[in-house]
1. Roughly how many whole Å is it from the C-alpha centroid of the stretch 78-100 to that of the stretch 4-44?
2. Arrange 195, 88, 10, 95 by Cβ neighbour counts within 10 Å, fewest through most, would you?
3. Please work out, to two decimal places, the log10 of the ratio I(q)/I(0) at q = 0.26 Å⁻¹ from a Debye calculation in which every Cα of the stretch 111-177 carries one identical scatterer.
4. Count the net charge of all other residues whose Cβ sits under 9 Å from the Cβ of residue 160, scoring Lys and Arg as +1 and Asp and Glu as -1.
5. Please enumerate, by chain and number, the lysines with C-alpha under 26 Å from the C-alpha of residue 193, excluding those fewer than 8 residues away in the same chain.
6. Roughly what would the spin-label model give for residue 208 and residue 231, points 7 Å off Cα along C-beta, in nm?
7. So what's the net charge close to residue 131: Lys and Arg +1, Asp and Glu -1, counting the other residues with Cβ under 15 Å from its Cβ?
8. Using θ = phi - 60° and the Karplus relation 6.51 cos²θ - 1.76 cosθ + 1.60, list the HN-Hα couplings for the stretch 222-234 in order, rounded to whole Hz, with x at every Gly or Pro.
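Laboratory data are not the source of any read-out in this text; all were calculated from the coordinates shown. On a predicted model such as this, the values are computed, not experimentally measured, just so you know. Because the Cβ atoms are built from the backbone with ideal geometry, glycine has one as well, and the counts that use them run over all protein chains shown.
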Amino acid sequence: MSEVKYKRVLMKLSGEALAGDQGRGINPIFVKQVAEEIKEVHDLGVEIAIVVGGGNMWRGEAGAELGMERSQADYIGMLGTVMNALALQDSLENLNVPTRVQTSIEMRQIAEPYIRRKAVRHLEKNRIVIFAAGTGSPYFSTDTTAALRAAEINADAILMAKNGVDGVYSADPRTNPEAEKFDTLTHLDILNKGLQVMDSTASSLSMDTDMPLIVFNFNEQGNIKRVVEGENIGTTVKGDK
């Protein structure tokens, strides 16, 4: 393995990263670009697990606001993450990167059920593992899934890939030019300042498990590799222990 700072990572990808400029659905061109970025890191010998969101397909909260029963709306969102996971798996395997999809809701014809020990074994065999269908329970976001799975597989860090934002700011830098960028924070800072990085459940769990989080701009080519090699880009959220 090349000299890297993080040997096993959990990458959190938004569903929008797979939609590209169209904003909705799955754009195969952008999925391929994402896969190529991930392959570059995989070639370093880094063990990679991925949690992909489903916002390009459906958002459970939005469905609930329109009158749907919240649990039902969230289950629809979980199925959206499975579609994204399968698309990403296909692109990775077209690049000769062995990949497994594990789902929290069983659908054995298309993916493995989530089994922690099996997921860890895949990682040890240098296979990428994509965790889909969230936690399998409504009311929990894919941010929380990322924090939970990272702890379960003993990841060295969570890599939070953001679209067009190069770290954590005091406000949205796209609408507030005076927003301050933070180079380092703690999970407690995230909670106390009410910063929009992860939801509070995910931040609390990351704090409890002392899990580092690196927030960076995914749209800049090569950034994933820079993060795992230890380059100081984006914002590092440290544990509090």
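1. With the stretch 78-100 and the stretch 4-44 each reduced to a Cα centre, they are spaced 10 Å.
2. Final ranking by Cβ density, sparse to dense: 95, 195, 88, 10.
3. -1.22
4. Charge balance near residue 160 sits at +1.
5. 12, 162, 181, 238, 241
6. With each label placed 7 Å out from Cα toward Cβ, I get 3.6 nm.
7. Values: positive: 8, 12, 100, 116, 117, 118, 121, 127, 149; negative: 47, 106, 112, 143, 152.
Around residue 131, the charge tally is +4.
8. Per-residue couplings from phi come out as x, 5, 4, 4, 4, 5, 5, 7, x, 5, 7, 10, x Hz.
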